[in-house]
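> One structure is given below, represented as structure tokens, and several questions about it will come after.
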Amino acid sequence: MKDIWIIFKREFAAYFYSPIAYVFSIIFIVLNCGLYMFHFFFFGNADMRAFFSALPVTLALIFIPAISMRLWSEEKKLGTIELLLTLPMKAEHVVLGKYLAGLAFYLVALAGTLAIPIMLVFLGKPDFGPIIGGYFGAVLLGAFYLAVGIFISGFFADQIVSLIITSLVCGFFALIGWQYVPMVIDGWFPGLGDFLYSYVGVTRHFNDIARGVIDVRSLVYFLSLSALFITLNIKYLDGRKY
Amino acid sequence: MKNLRKLFIRTFLIGSGLLLGIALLVIMVFDNLNVGRFDLTAEQVYKLSPSVERILSRLEAPIEITYYVSSSEKMPTKWKNLERDVIDKLEELKLASKGRVTYKVFDPSAEEEREAYEERRAKEKEEKGEASKPAPRKRIAERLAEKGVVPFGVQSAERDEFAVKRIYSSLVLSYLDRKEDVIEEVRPEMFGSLEYEIVSRIYKLIATKRPKVGFFPDQPETPPQYRQFQQSPPDAYGMAVELLRNAGYDVVRTNITKDDTIPGDIQTMVLMVDEPLTERQLYEIDRLVHKGVRLVLAGQMYNYQIYPARSGASGEFDVQAMPTRININSLLKNYGFEIDTKIFMDRSAAFVQVPTYRTRRMGIFQIQEQRYEPVSKPVIIKVNQENINSRVSVANKITELFYMYGNRLNLYNEILEKDNLKATVLFTSSNHSWTTESLGYRPVDTSEPASGDFLRRQPLGVLVEGTFSARYLDQPPPKWSGEGSGVDSTATPLITGPAVPNKIIAYGCSNMFKDDVLRAVDSHKALLLNSVDALTLGDELIHIRAKNIEARRIKETSAFGKSLAKFFVVWFPALCFVALGVVLTMRRKMK
């Protein structure tokens, strides 16, 4: 636990020393909140459905790959990964420390969007159930994408390559949960689109939570896939010792 | 060392595949289990309503629901999870009913395939002379069609092209010896209202008889010139009637004439009045109210024509009032209210598309172009959520209404108090409404009055309950139209004796329920159904329907308020991040 805390502190602080992290956080807030506010007064609904519906894609394509790209790639590039792995720490502690630091930084950026519910309280009477559900879903979604991102970051020394591959993989998870993409896949390979949509795509599960329903099935989806990618990352780093 | 690395890569890849498989297996297993879920919404919209248990507790015998659905492999992608979602809902109903509701799922396509296979086999045998021709029997599709279960087309994609699939997705409810009730098309988009759709049908099945509703006016008669082309004149209220029929009501349309009278066994009468009624029609309505038949009434005092101004600046539009000269007020005054006769306007207005014409020269030719321009005038009244009384079930969850060319209602407190009637306002105008006199065929002045002359929230919809005084009490009935004036000496029952306690819902606008507006605004459909449900069946069903996700509207915001909100949401958190970065960098440098 102490080891996790040491790594967490180091990694979390590193985010705040890097101007790139600020730039991406600001882009994340301005992009998501800006998109939401673009149509907000046209429709005049005191809810955050429009905000959460865009989140699976904006998180997958930009923000999470940006905060996960450096987690291992930087260590590899600077050559500090060998040092880190030879420290008297278990690989799982190092991975968890880094992962939790990334997650904490994501939560800080996500907290920047809390201006929306504050504004809604002043302008109307929002139903806080779907808003709380939406934020809970956003945390699970971020945790899942981050697990994918940290796993991919372990393979590459170049941060840009890591960012692009993470964007592609997370984007795949997001797009496969849309109805059109699996429909097209189903048209070519009957059954495959349906399988991917039902069990692999992230959007359906996220949308369920964002509408205010915390379903055990969606929790199982997020937690099992996050755990899978973190475990794979741990196993991969363990293997580097050979 | 190299071998170790190779071994590791191989082990890692196999292990990754295995772990991925295990994770997917866990997800798949849980996906098919209804383990549990927590509804965070304020009004528990995704949980069964408490009214459901109350309604289901009245079941005298088990009710069986059969879900006829094509297998998910045959469904387009959007429909793949429908079967699972419907089964989840049926399972919830089964639990809530303590086993009084049972359900089964049946895939007609599987049966169709079996039939086709058996037919092929029989044909082959027949050709070989092994068996005689089997006795003809009805196919599954025919048997289901008799129940009202028919496949319908849905769009899907096949190899980068859109295609149409014919699928089954219908629910059939069977209860004792009653006629089976069918929800013909269960679609993913109606899933939010599925609970209401099922329970409302159960409600009507367990009632001793199907609720009967009268609807005025009847379909317009087909004039000879229409008959020649096998056409029928437009029916302004066709959709309203269809909506009530789809909700399980036995709707009987009537023009209230001698040959087309109001059926005697209706529970509720829906009156859409946009033309004057005869004395006898008024008498018949009075008789209904006296004997306790509930009344939903919508009266239209004016219609307006909006057209490009002939004089003045280009781009201006004039409004001309066309009075309908309805005379229903002579009856309504006795009930403690009436529809105001003055033109009613409100600053809260919607837009309509008005056709404009422009002549263009193209060489030696002149062409006339038609285009539509959005026009907002204070007679196109928009009722916002803050002016809707959400405490009353009739108006519950109605988010906005387009009170097209409607009038305010005048409540007569002295009559209401004298007859001990209770009036509940369902919705009102905004705080910036006003009235003006009609000026014949001249354009109406739509300019706002001085700020102090605005009328505050005027009632536009009311529910009046109590014992209503009949206008024609102990009077001989007037003659039917076409029989001349005077008294009907036939054996028509008189309005006599004490009146039965009753309820009337009244709106000063019937345009809300006409096809073109009703089709475009879901709130109007809900308002019509709520009104009829509340008077005919009680409030329980409305509470279930009201569970649909409510669009909570924001308050009216000034331009400055909007800019402030945009800055606060988009730029303020970003600036906080910038400030945090600057502070941390400075601190680091100082260290």
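The values are calculated or read from the model by the stated rules, or taken from the named source; none is laboratory data. All values reported here derive from a predicted model rather than from experimental measurement. No Cβ is skipped: glycine too gets one built from the backbone with ideal geometry, and neighbour counts run over all protein chains shown. Ligands, DNA and RNA are stripped out before the accessible areas are found, and what is left, the full protein with its side chains, is counted by its heavy atoms. Shrake-Rupley method; radii C 1.70, N 1.55, O 1.52, S 1.80 Å.
> Taking the Cα centre of segment B:1-152 as origin and charging only Cβ (+1 Lys, Arg; -1 Asp, Glu), how large is the dipole, in debye to the nearest 20?
Charge dipole, segment B:1-152, about its Cα centre: 680 debye, nearest 20.
> What residues have an amide H closer than 5 Å to that of B:TYR302, excluding those fewer than 5 places away on the same chain, when H is modeled at 1.01 Å from N in the peptide plane?
So B:TYR302 has HN proximity to B:THR324.
> Hull surface divided by four, with the convex hull built on the Cα atoms of segment B:182-253: how many nm²?
Quarter of the Cα hull surface area: 6.5 nm².
> Hey, another quick one. Using only Cα atoms, find the angle between the long axis of helix A:2-17 and the longest principal axis of chain A, and express it within 0 to 90 degrees, rounded to the nearest 10.
The answer is roughly 70 degrees.
> Same structure again: Percent of Cα-Cα pairs per 10 Å bin, from 0 to the last occupied bin, for segment A:25-98, please list those.
Pairs per bin, as whole percents: 16, 32, 21, 17, 11, 3.
> Could you tell me the calculated FRET efficiency between B:LYS147 and B:LYS291, based on Cβ-Cβ distance and R0 = 51 angstrom, to the nearest 0.05?
So, using R0 = 51 Å, E works out to roughly 0.85.
> Let me ask something else. Once you have the Kirkwood Rh of segment B:231-280 from its Cα pairs, apply Stokes-Einstein at 20 °C and 1.002 mPa s and quote D in µm²/s.
169
> Another question, then. About its Cα centre, what dipole magnitude does segment A:48-133 give when the only charges are +1 on Lys and Arg Cβ and -1 on Asp and Glu Cβ, stated in debye to the nearest 20?
So the magnitude is around 120 debye.
> Short version: ³J(HN,Hα) in whole Hz for each residue of segment A:42-53, in order, from phi by Karplus 6.51 cos²θ - 1.76 cosθ + 1.60 (θ = phi - 60°), x for Gly and Pro, what are they?
My calculation for segment A:42-53 gives 5, 8, x, 9, 8, 9, 10, 4, 5, 5, 6, 5 Hz in order.
> For B:GLU73 and A:THR86, FRET efficiency with R0 = 45 Å and r from the beta-carbon atoms, rounded to 0.05? Working shown, then result.
Values: r = 53 Å, r/R0 = 1.18.
The value I calculate is 0.25.
> Right, something else. Which whole-Hz couplings ³J(HN,Hα) result when phi for each residue of segment B:443-449 is put into the Karplus expression 6.51 cos²θ - 1.76 cosθ + 1.60, θ = phi - 60°, listed in order with x for Gly and Pro?
So the J values, rounded to whole Hz, are x, 7, 6, 9, 6, 5, x.
> Obtain the nm distance between the two label points defined at B:VAL105 and B:ARG457 by a simple spin-label model: each point lies 7 Å from its Cα along the Cα-to-C-beta direction.
4.9
> Once you average over the residues of A:115-128, how many Cβ atoms of partner chains fall within 10 Å of each Cβ?
So the per-residue partner count for this stretch is 5.
> Okay, next question. What angle do you read, to the nearest 10 degrees and between 0 and 90, between the alpha-carbon axis of helix B:572-590 and the longest principal axis of chain B?
50
> Moving on to the next point. Give the accessible surface of segment B:411-474 per residue, rounded to a whole number of Å², with probe radius 1.4 Å and ligands, DNA and RNA excluded. Walk me through the numbers on the way to the answer.
On the way: 3460 Å² over 64 residues.
In whole numbers, segment B:411-474 has 54 Å² accessible per residue.
> Quick one: accessible area per residue over segment A:1-70, 1.4 Å probe, rounded to a whole number of Å²?
Working: 3100 Å² over 70 residues.
Value for segment A:1-70: 44 Å² per residue.
> Once you put a point 7 Å from the Cα of B:GLU189 and another 7 Å from the Cα of B:ASP419, both along the Cβ direction, what distance in nm separates them?
4.3
> For B:GLN320, put the label point 7 Å out on the Cα→Cβ axis and report which residues of segment B:431-452 keep their amide N under 20 Å from it.
Correct set: B:436-447.
> Next question, about the same structure. State the percentage of accessible surface on the protein assembly as shown attributable to carbon and sulfur atoms; use a 1.4 Å probe and exclude ligands, DNA and RNA.
58
> For segment A:145-242, what is Rg from Cα atoms divided by 2.2 N^0.38 Å, rounded to two decimals?
1.22
> For A:ALA54 paired with B:ALA579, estimate the spin-label separation in nm (one decimal), with each label point 7 Å from Cα along the Cα-to-Cβ line.
Placing both labels 7 Å beyond Cα along the Cβ direction yields 2.5 nm.
> Among the aspartates and glutamates, which fall within straight-line cross-link reach of B:LYS204, defined as a Cα-Cα distance under 13 Å, with same-chain neighbours fewer than 8 residues apart omitted?
B:GLU180, B:ASP181, B:ASP250, B:ASP533, B:GLU540
> Rounded to whole Å, give me the distance from the Cα center of segment A:171-186 to that of segment B:225-282.
49
> Okay, moving on. Grab the beta carbon distance between B:LYS179 and B:ARG58, set R0 = 22 Å, and tell me the FRET efficiency rounded to 0.05.
0.70
> Now a separate question. Thinking of the protein assembly as shown as a set of Cα atoms, what percent of all their pairs are more than 40 Å apart?
So the portion of pairs separated by more than 40 Å is 53 percent.
> Using a loss threshold of 30 Å², tell me which positions in segment B:24-46 are less accessible in the complex than in their chain alone. Probe radius 1.4 Å, ligands and nucleic acids ignored.
B:LEU24, B:ILE27, B:MET28, B:PHE30, B:ASP31, B:GLY36, B:ARG37, B:PHE38, B:LEU40, B:THR41, B:TYR46
> Hey, another quick one. Need one number: the % of Cα-Cα pairs in segment B:387-477 sitting beyond the 22 Å mark.
That fraction is 47 percent.
> Chains A and B: buried accessible surface, both sides, probe 1.4 Å, rounded to 100 Å²?
Working: alone 12290 and 33990 Å², together 40170 Å².
What A and B bury together is about 6100 Å².
> Looking at B:PRO374, B:HIS432, A:ALA109, which one has the Cα that reaches farthest to the positive end of the dipole of the protein assembly as shown (charges on Cβ: Lys, Arg +1; Asp, Glu -1)?
A:ALA109
> Principal axis extents for segment A:1-45, Cα atoms only, whole Å, descending order, please.
51, 24, 7
> Å³ per residue of the Cα convex hull, for segment A:19-154? Present the calculation step by step, with values, prior to reporting the outcome.
Details: hull volume 13.9 nm³, N = 136.
Dividing the Cα hull volume of segment A:19-154 by its residues yields 103 Å³.
> Once you have the Cα-Cα distance between B:ARG245 and B:VAL29, take 0.36 nm times their residue separation minus that, and quote the gain in nm to one decimal.
Full extension from B:ARG245 to B:VAL29 adds 73.6 nm.
> B:SER156's amide H: which non-local residues (gap 5+, or another chain) put their own amide H closer than 5 Å, with H modeled 1.01 Å from N in plane and none for Pro or chain starts?
The answer is B:ALA163, B:VAL164, B:LYS165.
> Using 0.36 nm per residue, how much length does the chain from B:GLU437 to B:LYS98 gain when fully extended, once their Cα-Cα distance is taken away?
Length gained between B:GLU437 and B:LYS98: 115.9 nm.
> Here's a follow-up. If you restrict to DSSP beta bridges whose two residues both lie in the protein assembly as shown, what percentage is antiparallel, to the nearest 5?
On the way: 68 of 92 bridges.
Antiparallel bridges make up about 75 percent of those DSSP assigns within the protein assembly as shown.
> Amide H to amide H under 5 Å from B:PHE337: which residues, 5+ apart in sequence or cross-chain, H placed 1.01 Å off N in plane?
B:TYR412
> Which links in A:LYS125/B:LYS165; B:LYS377/B:LYS418; B:LYS566/B:LYS589; B:LYS212/B:LYS514; B:LYS47/B:LYS209 stretch past 32 Å when you go from one Cα to the other?
Violating the 32 Å limit, Cα to Cα: A:LYS125/B:LYS165; B:LYS377/B:LYS418; B:LYS566/B:LYS589.
> Can you give the angle from 0 to 90° between the axis of helix A:64-78 and the longest principal axis of chain A, with both taken from C-alpha atoms, to the nearest 10?
10
> Here's a follow-up. Rg/Rh for segment A:78-199: what does it come to with C-alpha atoms and Rh from Kirkwood?
On the way: Rg = 19.1 Å, Rh = 17.6 Å.
Ratio of gyration radius to Kirkwood radius: 1.09.
> Given 37 °C and 0.692 mPa s, compute D for chain B with the Stokes-Einstein relation, Rh being the Kirkwood radius over Cα pairs; round to the nearest whole µm²/s.
Roughly 112 µm²/s, to the nearest whole number.
> Please list, in order along segment B:365-370, the HN-Hα scalar couplings obtained from phi with the Karplus expression 6.51 cos²θ - 1.76 cosθ + 1.60 (θ = phi - 60°), rounded to whole Hz, x for Gly and Pro.
Per-residue couplings from phi come out as 9, 10, 10, 9, 9, 10 Hz.
> Separation of segment A:85-159 and segment B:420-451 by C-alpha centroid, Å?
Answer, in whole Å: 54.
> Distance between Cα centroids, segment B:352-382 to segment B:51-85: provide it in whole Å.
About 50 Å separates the Cα centre of segment B:352-382 from the one of segment B:51-85.
> Roughly how big is chain B's charge dipole about its Cα centre, with Cβ charges of +1 (Lys, Arg) and -1 (Asp, Glu), in debye to the nearest 20? Walk me through the numbers before you get to the answer.
Values: 84 positive and 77 negative charges, 586 e Å.
For chain B, the charge dipole is close to 2820 debye.
> Hey, another quick one. List for segment B:60-82: residues with 30 Å² or greater reduction in accessible area, all protein chains versus chain alone, probe 1.4 Å?
B:THR77, B:LYS78, B:LYS80, B:ASN81
> While we're on this one: In angstroms, what radius of gyration and Dmax does segment B:10-73 have, counting Cα atoms only?
Spelled out, the Cα radius of gyration and Dmax of segment B:10-73 are 20.7, 66 Å.
> Inverting the mean 1/r over all pairs of different Cα atoms, compute the Kirkwood radius of segment A:115-162 and quote it in Å.
Working: mean 1/r = 0.0757 Å⁻¹.
Here the Kirkwood hydrodynamic radius works out to 13.2 Å.
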